[in-house]
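See structure below.
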Amino acid sequence: MPRDLALEDAPWTPYADLDDDDDLAFRPRGPRQPSYLPPTPPRRTTLRGRIWERIAARGWLWWFGRISAAVALVFILLVAWLAITAPLSKSLQPIAAPQVTLLAADGTPIARKGAVVGEPVVVADLPPHVVEAFLAIEDRRFYSHWGVDPRGIARAAFTGTGGGSTITQQLAKFTFLSPERTLTRKAREALIAFWLEAWLTKDEILERYLSNAYFGDNMYGLRAASLHYFYRKPENLKPEQAAMLAGLLQAPSRLAPTRNPDLAAARFQLVKNAMVAAGYITQGEADAMQVPRLDVREREEIPTGTYFADWALPQAEAGGAEAYASRTITTTLDSRLQNIARRVTERAPLGSAQVALVAMRPNGEVVAMIGGKDYAQSPFNRATQARRQPGSTFKLFVYLAALRNGWHPGDTIDNTEFTTGSYRPGNAGGRYSPTITLADAFAQSSNVAAVRLAQAVGIDKVIETARDLGVTSDLPAGDPSLALGTSTMTLLELTSAYAGVAGNAFPVAAHAFPAEEEGWFDWLWNGKSSLGFGDHEEMETLLRGAINSGTGRAAILSGPNFGKTGTTQNNRDALFVGYAGEGDDRLVVGVWIGNDDNSPLNGVHGGGLPARIWRDFMTSAIAGQSVPTRETPRPDPSGPVQPLDVPTDGEFPMGDGTRVIIRDGEAVIVSDVDGTPVGARIGDGTFSVDIDEEAASRRVADMAREAAAARLEQARQEAERAIEAARGQAQESEAGP
């Protein structure tokens, strides 16, 4: 008994591992640990180990069955979802021609344009080399696969020839699906491809594909493309012509030979090599095929109805040129502001001159655009297509460059006349002074001060500032006349630069469609710059002074206003560009007046008629004094297109350059009186006269000079007669009796 107790109290015992029989029964058999070693600590199993133990306990066969069942269930659900969401029923219906409808911001249709779609082609009527060219570069195994070709995908990935998608998949993509690049769209594309293969013959699929594919230049279908590029029916295409057309399908807009002949020629060579590799032609036949010559015949473009739409439609087509579907796109155009722009330009006494107006938000969203007096008579857009000299409105870049390089509005500069050098600009009216502050020089639009300031700052700094504000037009370095706006640019480009100052974020790209709202990260990396607070405030001080106390006084508004006048040499162009309003209501507007043949205007200056048009537009657009507008239909994308640039009432010529404009019960008589544009408005029992004051004052000065010259001429003639009479009397007295 004592011995047993001693063993029980010992720190270890030979029977320590045999606590109970149950544990012993499940303990693995193995070599017993020697009694002289300490006990082994229990093994700690990790999460991964426990998972593998559980898998091993269940058995691999059990888990394989469960996983296979789950995959099968997911696949069935996916196919069912795709079958419900994919347009399977639509895929067998006739394909509708692509069409783009543009809406104003309020939903009013402003333009509708359809693509050029040729008649369908029949594969049996096409020469073999036409079909072979498309099969070689797009889908060599077309007649042997079931809509999806894994071998073709692998070949395209490793060799770069052939398309990753089959012709059937491409037909499904560009006719029934959106152009988004997602796995869901690819899955739907494959499902529709299987569906088409099940219900249509191979030739029917190929005919649909060739009859509806996009070939660039707004041409849909092989027939339209062959007639457009080669003026030849597809049944008569030559092998090299067919190869050229087949190469366009990869990127029609980029590879169109009318736009990028070099890229089209390189793609043509790739198609020839693919035809050789497919066994359709020999290498010798390929070498004999030269790049085909284009035969593009002129075709009449159908105008859309508005200057804005003509500018916006190419942007819309570029954004979804290959999408074969009718699209409705909302633009940034504001119908109310567009009507105001049309009416204020209609009532302006322009005579024979043309007018352009662009209104945009500081972020570049164009809300109104006038490209001429009457779109129906001339669709040429003078706001986006005409490149004219900006005149003194270019001084924005000169003075902003000076502010960015340490100058201030109170600094002075030489304002004397140039008397030396080959280039001697002068101030209008011959007004000079020993010195002038930058603020006064900008307000009075001193030419000599602007040229000297540009030279002091450096022409390269002026050009750099213009580039920063988004000007891309040619700006010749080292030309001192650049400071006076002698380089040409469009009104849209100039107005966009002023928008950069208005919002203090540049460059600004004018656009016709609402931009996606930027997130914080996008804003951080959008590449836009801004002026320092002091520079921006001083620039706005200069722009405000140009209106309130300078050459732009005719544009004064009751609220904050900023702008600059511009008049080019011999009064060939007259401009006013500026901005007004606060916050979201701020508008940047540019106005141009000139003759299409670049002939001088009849006494029109930037501070006259353009400034008043700008003021009238801003007053109605911002200050709430609305111009009467016609009724606008309810937003209806399928409704009639509204011709916002066509006068709604009548204009009647009266002879001698006088015309009468009738609109909404109001009559405007426009004429020239002794060379001065005058507009008389009658309506609602009122009568008002609009006279170009600057032109009138100049005309009065001219008349005064003419009268003074006439009086001097009369006095000279009287003096000559008196001298002749005196000479006669002297001769008579000398002869005597």
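Want the number for Ser558 to Gln250: 0.36 nm per residue separation, take away the alpha-carbon distance, what's left?
105.2 nm
Express in nm, to one decimal, how much length is gained between Lys233 and Thr420 on full extension, taking 0.36 nm for each residue of separation and deducting their alpha carbon distance.
Taking Lys233 through Thr420 to full extension adds about 60.5 nm, to one decimal.
How much length is gained if the chain between Gln569 and Thr258 is pulled fully straight, taking 0.36 nm per residue apart and subtracting their Cα-Cα distance, in nm to one decimal?
Additional length available on full extension: 108.1 nm.
Two decimals, Cα atoms only, Kirkwood Rh: what is Rg/Rh over the stretch 329-439?
1.11
Let's test the formula: R0 of 30 Å, r as the Cβ-Cβ distance of Leu294 and Ala515. What FRET efficiency results, to the nearest 0.05?
With a Förster radius of 30 Å, E is 0.25.
Excluding ligands and nucleic acids, what accessible area in Å² is computed for Lys233 using a 1.4 Å probe, to the nearest 10?
120 Å²
Tell me, what is the FRET efficiency for Asp460 and Asn548 to the nearest 0.05, using R0 = 35 angstrom and their Cβ-Cβ distance as r?
It comes out at approximately 0.60.
Label 7 Å along Cα→Cβ of Asp597; the stretch 336-352 residues with amide nitrogen under 16 Å?
Those under the cut-off are 351-352.
Please find the FRET efficiency linking Ala477 to Ala198, where r is the Cβ-Cβ separation and R0 is fixed at 56 Å, and quote it to the nearest 0.05.
Plugging the Cβ-Cβ distance into 1/(1 + (r/R0)^6) gives 0.25.
Using each residue's phi in the stretch 110-116, evaluate 6.51 cos²θ - 1.76 cosθ + 1.60 at θ = phi - 60° and report the 3J(HN,Hα) Karplus result to the nearest Hz, with x for Gly and Pro.
Each residue of the stretch 110-116 in turn: 10, 6, 8, 9, x, 7, 8 Hz.
Rg to Rh for the stretch 465-622: what is it, with Cα atoms only and Rh by Kirkwood?
When Rh is taken as the Kirkwood radius, the ratio is 0.97.
Name the residues whose placed amide hydrogens come within less than 5 Å of the amide hydrogen of Thr330, ignoring near sequence neighbours (fewer than 5 apart) on the same chain.
Leu103
Around Gly470, with a cut-off of 13 angstrom between Cβ atoms, what is the net charge of the other residues, counting Lys and Arg +1 and Asp and Glu -1?
My count for the surroundings of Gly470 gives -1.
Please go through the residue pairs Lys202/Lys233; Lys373/Lys528; Lys461/Lys564; Lys461/Lys528; Lys113/Lys528 and name each one whose alpha carbons sit more than 25 Å apart in this structure.
Beyond 25 Å between Cα atoms: Lys373/Lys528; Lys113/Lys528.
The values are calculated or read from the model by the stated rules, or taken from the named source; none is laboratory data. Note that the structure is a prediction, hence the values are computed from the model and not measured. Glycine gets a Cβ as well: all are built from the backbone with ideal geometry, and neighbour counts include every protein chain shown. Ligands, DNA and RNA are stripped out before the accessible areas are found, and what is left, the full protein with its side chains, is counted by its heavy atoms. Shrake-Rupley method; radii C 1.70, N 1.55, O 1.52, S 1.80 Å.
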